[in-house]
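Enquirer: Structure provided below as structure tokens; questions to follow.
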Amino acid sequence: MRRSTLEKLRKQCPKSLNRGQKEPSVFLTDKNGDQYRFTSTYYSNVVSHDSVLRVDQELLFNYNTTQLALEYAGSQEQFRKQFALSISRMGSLKVLTGKQGGEIRQNCRVRNKY
């Protein structure tokens with residue numbers, strides 16, 4: 001991540017809180033709330049090494065995912081088409097529920113213990 005982004009995020013987080021003081025809301029993008037729009041900006045941030053999470057930056061560690069990040073960063077329309085296709089495909093998954101053996105995990109890493 002760029003040093004300027006890191007410094008900006010650090011300024012939003014106090015080093016300590018007074019008793020009873022609430023944690024501030026810190027957003028990882030410049031726009032949030034009603035101003036936020038779901039766009040390909042995420043990929044632009046990854047390509048410019050300005051993503052916050054390491055897992056996001058790891059998209060650039062592999063040739064195939066780097067190519068996708070570059071493609072989506074460069075074309076909002078291509079990103080929208082592929083996102084719509086992915087959501088459509090996920091809608092056709094046969095999710096197991098109830099007596100079919102499905103479960104909502106309390107911890108995504110392990111099956112629930114009954």
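Enquirer: Take the conditions at pLDDT 90 or above and either of a type in the set (K, R) or within 30 Å of K11 (Cα to Cα) (or both) and apply them to R80. Does it pass?
Expert: Considered against the rule, which asks whether it is at pLDDT 90 or above and either of a type in the set (K, R) or within 30 Å of K11 (Cα to Cα) (or both), R80 comes out as yes.
Enquirer: With (1) within 20 Å of the chain's Cα centre (by Cα); (2) at negative phi; (3) at pLDDT below 80; (4) not aromatic (F, W, Y) as the list, and G33 as the residue in question, which single condition is left unmet?
Expert: (2)
The values are calculated or read from the model by the stated rules, or taken from the named source; none is laboratory data. Since the model is a prediction, treat every value here as computed from it, not as a measurement.
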